[in-house]
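The values are calculated or read from the model by the stated rules, or taken from the named source; none is laboratory data. Just so we're clear, the structure is a prediction, and the values are computed from it rather than from any experiment. So basically every Cβ, Gly included, is an ideal-geometry build from the backbone, and we count neighbours across all protein chains shown.
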Amino acid sequence: MTDDFTSRELRVVNKRVHRLGLALNMGLNAEGLSAALERGVNYLFWTRFRTGSLVPVLKQALARDREKYVVATGPTFGYFRGSVRRGCEAALKTLGTEYLDVYQLYWLGKTAAWSEGVIEELVKLKAEGKIRAIGVSIHDRERAGRLAEDSIIDLFMLRYNAAHPGAERDVFPHLEKRHPNVVAYTATSWRKLLKKPGRWDGAPMTAGDCYRFCLSSPHVDLVLTGPANLKELEENLAALDEGPLSADETAWMRKFGQVVHG
């Protein structure tokens, strides 16, 4: 099956994913998670915070068809090799699974360190089959560009939206050498893009506009959404049916993003 706007082959784990990935820590309840899974959402970004009620639904889904789902998670702090391993093994136990698809360091340079010990531990976890891909989230775009060209990182979770398109300059040109996967997040710029600024005459962007903006980039494999309820989930999924942005839509959203950014 070839890639289309709503699904893509995620190379680093050799699984097809819905291009709207689900962040499970933004308020969606168990009913909402079940609905998302039924709609084909299968990239699941899980943390221990605000997700306790979702764990039974997630565990059941993984028990039914583990190869269908991509689970991405990481240690709360990734400064040392011991904490990296403990975080992995704790997640495996909590979710009742033998492996994690993507195991990532959060906010590299702030709550995690790309040190020799951490790298060695990630490589060991991968060799042991406990993780399938090594990922990071990172705000330092210039460093992300260097790591995209030369590192063992399989997947980058990057801030990318109409108000903050800097990855187009600092990261995307560096993907060609190794082709790591890219997950965009903060698509709505923490909801700033959903509000009309004082200097803007027209309507603001919708959440669906924000996701389509991200996914219209050929360098973005999927974008995270964090719906607080079932209604928001359905609206976000429906927006993707509109497909990639037109040239006029792209120009409008970029102009709006510049105004929001100030």
| message | Can you tell me which of (1) more than 22 Å from residue 87 (Cα to Cα); (2) of a type in the set (Lys, Arg); (3) buried (at least 18 other Cβ atoms within 10 Å of the Cβ) is the one residue 132 doesn't meet? | response | (1)
| remark: Within region 21-67, the count of residues that are touching a strand residue (DSSP E or B) at 6+ places or on another chain (Cβ under 8 Å), assigned to a helix (DSSP H, G or I) and surrounded by 14 or more Cβ atoms within 10 Å (Cβ to Cβ) comes to 4
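Report the residue count in region 123-147 for those that are farther than 21 Å from residue 15 by Cα and either free of Cβ contacts under 8 Å to residues at least 24 places away in the same chain or not in a strand (DSSP E or B) (or both).
Quick first cut of region 123-147, residues farther than 21 Å from residue 15 by Cα only: 124, 138-147.
Now narrow it down to the ones that are either free of Cβ contacts under 8 Å to residues at least 24 places away in the same chain or not in a strand (DSSP E or B) (or both): 124, 139-147.
The number of residues fulfilling the criteria is 10.
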| message | Exactly one condition in (1) surrounded by 24 or more Cβ atoms within 10 Å (Cβ to Cβ); (2) over 17 Å from residue 23 (Cβ atoms); (3) in contact (Cβ under 8 Å) with a residue 40 or more places away in the chain is false for residue 118; which is it? | response | (1)
| note | Per the filter on region 68-90, residues surrounded by fewer than 21 Cβ atoms within 10 Å (Cβ to Cβ) and of a type in the set (A, V, I, L, M, F, W, C) are 77, 80, 90
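Is one or more of the residues making up region 62-76 over 23 Å from residue 119 (Cα atoms), at pLDDT below 95 and within 15 Å of the chain's Cα centre (by Cα)? Give the derivation first.
Kept after step one, since they are over 23 Å from residue 119 (Cα atoms), are these residues of region 62-76: 62-69.
Right, trim to at pLDDT below 95 and you get none.
No; the residues of region 62-76 include none that is over 23 Å from residue 119 (Cα atoms), at pLDDT below 95 and within 15 Å of the chain's Cα centre (by Cα).
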| request: From the list 165, 197, 204, 173, pick out the single residue that is modelled with pLDDT under 95 and not in a strand (DSSP E or B). | output: 197
| What single numbered condition from (1) loosely packed, with under 13 Cβ neighbours inside 10 Å; (2) in contact (Cβ under 8 Å) with a residue 40 or more places away in the chain; (3) of a type outside the set (Ser, Thr, Tyr); (4) part of a helix (DSSP H, G or I) fails to hold for residue 253? | (1)
